C-alpha cells in the first residue's frame, strides 16, 4: 500500500499565543479550580455541622500557608471566571469581536481579576484581623 503524504494539522507550536487564546484556556482551567473550591466549601460546611474537632481540622488546613495560597488561587479563579464569563456574554450578543477589542478586553479581564482578588483579600483580612 502506498504511503500518502497528508497535511499535518497545526498545533500550539504553529500559532502565536494571544491573550484571547490564553484566556480561553484559563477560563476552562478556572472552571475546574472552582469545582475543587466547591468541594472544599462542602468539606468546610460538613465539618461545621459535624462538630468542633472536624471544623478545627478544616480550619487548620485552610489557615495554613498552603491553605491560604490555595484559597487565594480559588479567589482569583472565581474573579477571572466571572469577568471572563461577562466578556463571553458580550460576545454572545455580538459585541467585542474586533481583534483590538478582543485583545483589550482580555487584558482588562486579567488585570481586573488580579485587582479584585487583592481587594477581596485585603477587605477579608482587615475584617478578620489577618492571619
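The values are calculated or read from the model by the stated rules, or taken from the named source; none is laboratory data. What you see is a predicted model; the values in this text were computed from it and never measured. Note that each Cβ is placed from the backbone with ideal geometry, even for glycine, and that neighbours are counted across all protein chains shown.
Going residue by residue through segment 17-36, is there one that turns out to be assigned to a loop (DSSP other than H, G, I, E, B) and modelled with pLDDT under 95? For segment 17-36, residues assigned to a loop (DSSP other than H, G, I, E, B) and modelled with pLDDT under 95: present. Counting only residues that are over 19 Å from residue 120 (Cβ atoms) and surrounded by 13 or more Cβ atoms within 10 Å (Cβ to Cβ), segment 32-63 holds 9 of them. Of the residues that make up segment 69-91, is at least one closer than 23 Å to residue 129 by Cα, exposed (fewer than 14 other Cβ atoms within 10 Å of the Cβ), modelled with pLDDT of 95 or more and within 22 Å of the chain's Cα centre (by Cα)? Checking segment 69-91: at least one residue is closer than 23 Å to residue 129 by Cα, exposed (fewer than 14 other Cβ atoms within 10 Å of the Cβ), modelled with pLDDT of 95 or more and within 22 Å of the chain's Cα centre (by Cα). Among the residues of segment 60-85, those that are free of Cβ contacts under 8 Å to residues at least 12 places away in the same chain and more than 15 Å from residue 37 (Cβ to Cβ) comprise 60, 64, 65.
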